[in-house]
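The values are calculated or read from the model by the stated rules, or taken from the named source; none is laboratory data. Please read all numbers here as calculations on a predicted model, not as lab measurements. Glycine also receives a Cβ, built like all others from the backbone with ideal geometry; neighbour counts cover every protein chain displayed. What goes into the accessible areas is simple: the full protein's heavy atoms, side chains included, and nothing from ligands, DNA or RNA. Shrake-Rupley method; radii C 1.70, N 1.55, O 1.52, S 1.80 Å.
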Amino acid sequence: MLLLPLTFLSSAFMAKGLMPSWMRHVAAGNPVSWALDASRGALADDPDWGTVATHGGWLLVLTAAAVGLAVHSLRSYQNSQ
């Protein structure tokens, strides 16, 4: 439900330079774009490790927050039973 819109609003199918300005702003905060930018940066001929570390770090923070929310939700559900 979320992955398809996030993918279409990322830099997966269109270069950032060709996107309208509103789509560039959405893509800047899109985790799918973070993952794509990190992987493209790591696989380039001259890797930009700063970009890889920055985007990878934000992805790790988002993952930790999602796991924390999932654990909290599961515990709340278990306690309500």
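Numbers for the structure displayed
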item: Farthest toward positive dipole pole in the chain [+1 Lys/Arg, -1 Asp/Glu at C-beta], among M19, N30, V71; result: V71
item: Total charge dipole magnitude, the chain, about the Cα centre, Cβ charges on Lys, Arg, Asp, Glu only, Debye to nearest 20; result: 320
item: Accessible-area composition of the chain, carbon plus sulfur, in percent [1.4 Å probe]; result: 70
item: Quarter of Cα convex hull surface for the chain, i.e. mean projection, nm²; result: 6.8
item: Solvent-accessible area per residue for the chain (1.4 angstrom probe, square angstrom); result: 74
item: Protection proxy ranking, peptides 20-28, 7-15, average beta carbon neighbours within 10 Å, highest first; result: 7-15, 20-28
item: Mean residue ellipticity (222 nm) of the chain, computed from DSSP H runs ≥ 4 via -39,500 (n - 2.57), nearest 500; result: -24000 deg cm²/dmol
